[in-house]
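The values are calculated or read from the model by the stated rules, or taken from the named source; none is laboratory data. None of these values were measured; they are calculated from a predicted model. Glycine gets a Cβ as well: all are built from the backbone with ideal geometry, and neighbour counts include every protein chain shown. These accessible areas exclude ligands, DNA and RNA; they are computed on the full protein's heavy atoms, side chains included. Shrake-Rupley method; radii C 1.70, N 1.55, O 1.52, S 1.80 Å.
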Amino acid sequence: MTAQQLEDGGPLIPQPAMTREALRDAVRRIDMASLAALDKECNEAFDRAAETGAINPLRFFLIKWATHVAIHRWPARAAALHEAERTAGDPNAGEQEFRAAMETSSRILAEAQREIGQ
């Protein structure tokens with residue numbers, strides 16, 4: 001990643017494959033603070049899949065963390081989402097502020113979902 005790409009607001013890393021190891025590596029590189037949560041949720045998803053014989057817990061885990069990476073690999077996108085979440089959760093926010101925050105959150109999540117092919 002070059003300094004020019006970061007200055008232009010480009011992604012910190014390319015979107016990784018939707019695999020446990022690729023997503024774990026991406027989270028380690030761009031959002032180390034979330035790595036423990038990813039590992040915990042991965043283990044829980046694996047345990048649920050083993051208990052139920054269904055792959056849905058694993059699929060949901062991959063989709064959730066691929067979406068997380070799709071958002072956080074773009075610093076401006078992650079900052080906008082966090083600000084929208086802060087505003088939406090602020091009991092002093094007006095109706096218009098709340099609606100704008102919800103629209104921003106929805107737009108960012110939709111962009112990330114498209115990016116991961118969902």
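Can you tell me which residues in the range 47-58 are part of a helix (DSSP H, G or I) and farther than 18 Å from residue 35 by Cα? Once the filter is applied, which keeps residues that are part of a helix (DSSP H, G or I) and farther than 18 Å from residue 35 by Cα, the range 47-58 yields 47, 48, 49, 50, 51, 52, 56, 57. Applying the set (1) among the small types (Gly, Ala, Ser); (2) under 23 Å from residue 21 (Cβ atoms); (3) surrounded by fewer than 11 Cβ atoms within 10 Å (Cβ to Cβ) to residue 54 leaves exactly one unmet item: (3). Tell me, yes or no, whether the range 59-75 has at least one residue that is open to solvent by 70 Å² or more (accessible area, probe 1.4 Å), touching a Phe, Trp or Tyr at 6+ places or on another chain (Cβ under 9 Å) and under 20 Å from residue 113 (Cβ atoms). Among the residues of the range 59-75, not one is open to solvent by 70 Å² or more (accessible area, probe 1.4 Å), touching a Phe, Trp or Tyr at 6+ places or on another chain (Cβ under 9 Å) and under 20 Å from residue 113 (Cβ atoms), which makes the answer no.
Per-residue answers, yes or no, for (1) in contact with a Lys or Arg (Cβ under 6 Å, 6 or more places away or on another chain); (2) over 22 Å from residue 10 (Cβ atoms); (3) touching a residue at least 12 places away in the same chain (Cβ under 8 Å):
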| site | (1), (2), (3) |
| --- | --- |
| 26 | no, no, yes |
| 45 | no, yes, yes |
| 49 | no, yes, no |
| 69 | no, no, yes |
| 77 | no, no, yes |
| 82 | no, no, no |
| 110 | no, no, no |
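Could you check the range 86-96 and list, in sequence order, the residues that are surrounded by 14 or more Cβ atoms within 10 Å (Cβ to Cβ) and not small (Gly, Ala, Ser)?
Filtering the range 86-96 down to residues surrounded by 14 or more Cβ atoms within 10 Å (Cβ to Cβ) leaves 87-88, 93.
Across the range 86-96, the qualifying residue is only 87.
When residue 54 is tested against (1) farther than 17 Å from residue 115 by Cβ; (2) in contact with an Asp or Glu (Cβ under 7 Å, 6 or more places away or on another chain), just one condition goes unmet, and that condition is (2). Residues in the range 6-43 that are of a type outside the set (Lys, Arg) and open to solvent by 70 Å² or more (accessible area, probe 1.4 Å): 6, 7, 8, 14, 21, 32, 33, 36, 43. Tell me, yes or no, whether the range 88-108 has at least one residue that is out of contact with any strand residue (DSSP E or B) (no Cβ under 6 Å at 6 or more places or on another chain), assigned to a loop (DSSP other than H, G, I, E, B) and aromatic (Phe, Trp, Tyr). No, because not a single residue in the range 88-108 is out of contact with any strand residue (DSSP E or B) (no Cβ under 6 Å at 6 or more places or on another chain), assigned to a loop (DSSP other than H, G, I, E, B) and aromatic (Phe, Trp, Tyr). Note on the range 97-110: residues that are open to solvent by less than 60 Å² (accessible area, probe 1.4 Å) and either among the polar types (S, T, N, Q) or within 21 Å of residue 24 (Cα to Cα) (or both) amount to 2. Looking across the range 76-85, the residues that are open to solvent by less than 60 Å² (accessible area, probe 1.4 Å) and not small (Gly, Ala, Ser) come down to 77, 81.
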